[in-house]
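Everything below concerns the one structure shown next.
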């Protein structure tokens with residue numbers, strides 16, 4: 001399935017730039033595929049902040065991505081998503097709460113901008129299928 005747009009997660013960016021990571025080549029192959037297929041690649045300002053904890057975000061492939069800010073509407077949507085998850089605590093009990101909050105923020109950006117896919121630690125998700 002051809003995706004027109006993709007949102008990069010922090011864990012994907014880490015693997016893309018960390019040459020000694022076991023998934024480095026896989027991440028590079030996906031990124032190359034997105035470029036070849038002219039997939040619109042998005043990077044959240046949230047990911048930039050998370051990435052900065054361990055490395056300079058200037059090392060990210062900024063010339064190939066569109067940086068999207070986290071805005072009021074994203075905050076509202078993320079709050080709605082997080083509220084839904086809190087109502088299903090037993091199903092997400094094993095996941096760290098900070099991870100859930102950050103992922104809700106990224107999913108809100110994906111949802112609000114109608115971005116078709118999301119790639120994390122080299123697991124590709126689209127609105128229909130998980131690869």
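Only a single item in (1) assigned to a helix (DSSP H, G or I); (2) modelled with pLDDT of 95 or more; (3) farther than 11 Å from residue 8 by Cβ is not met by residue 38, and it is number (1). For the stretch 43-61, the tally of residues that are farther than 18 Å from residue 101 by Cβ and touching a residue at least 12 places away in the same chain (Cβ under 8 Å) stands at 6. The condition of being surrounded by 19 or more Cβ atoms within 10 Å (Cβ to Cβ), over 12 Å from the mean Cα position of the chain (by Cα), modelled with pLDDT of 85 or more and not in a loop (DSSP other than H, G, I, E, B) holds for residue 78.
Can you name the number of the only condition in (1) modelled with pLDDT under 95; (2) in a helix (DSSP H, G or I); (3) touching a strand residue (DSSP E or B) at 6+ places or on another chain (Cβ under 8 Å) that residue 104 fails? Result: residue 104 fails condition (3) only. When residue 69 is tested against (1) over 14 Å from residue 106 (Cβ atoms); (2) loosely packed, with under 13 Cβ neighbours inside 10 Å; (3) in contact with a helix residue (DSSP H, G or I) (Cβ under 8 Å, 6 or more places away or on another chain); (4) modelled with pLDDT of 95 or more, only condition (1) is not met.
Within the stretch 26-42, if we keep just the residues that are touching a residue at least 40 places away in the same chain (Cβ under 8 Å) and farther than 16 Å from residue 5 by Cα, the residue that is surrounded by the most Cβ atoms within 10 Å (Cβ to Cβ) turns out to be 27.
The values are calculated or read from the model by the stated rules, or taken from the named source; none is laboratory data. In this text, all values refer to a predicted model and were calculated from it rather than measured experimentally. Note: ideal-geometry Cβ built from the backbone for every residue, glycine included; neighbour counts use all protein chains shown.
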